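Derivation of every value follows stated rules applied to the coordinates shown; laboratory data play no part. None of the values given here were measured: they were computed from a predicted structure. Cβ placement follows ideal geometry from the backbone for every residue including glycine, while neighbour counts extend to all protein chains displayed.
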Amino acid sequence: MEATFNFPINTLNIELITKIQALFSKNAIVKLSIIDKIKDETDYLLSVPENKEILKRSIEELRSNKLISKQIEDLT
């Protein structure tokens with residue numbers, strides 16, 4: 001059996017974990033993913049100085065039409 005549970009992080013407590021455990025066998029594997037919608041990809045990129053500089057340079061190149069075009073055949 002496989003199930004997906006979606007709930008706010010502040011509702012995660014031992015009682016909820018115990019209820020979920022009761023639904024599955026003792027051999028079940030737990031896979032935990034946390035999605036923080038406040039911190040999107042751009043925020044992440046800007047949080048690392050090296051990435052921020054690369055992103056800034058890429059935006060400048062885009063604005064000044066310094067684009068590199070490739071045909072799909074050139075990529076294989």
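Might you let me know whether region 7-15 holds any residue that is surrounded by 10 or more Cβ atoms within 10 Å (Cβ to Cβ) and of a type in the set (D, E, K, R)? No, that holds for no residue.
The residue that is surrounded by the most Cβ atoms within 10 Å (Cβ to Cβ), among those in region 29-54 that are touching a helix residue (DSSP H, G or I) at 6+ places or on another chain (Cβ under 9 Å), without any contact (Cβ under 8 Å) to a residue 12 or more places away in the chain and not hydroxyl-bearing (Ser, Thr, Tyr), is LEU45. Name the single residue, out of those in region 20-76 being small (Gly, Ala, Ser) and part of a helix (DSSP H, G or I), that is farthest from the chain's Cα centre (by Cα). The residue in question is ALA22.
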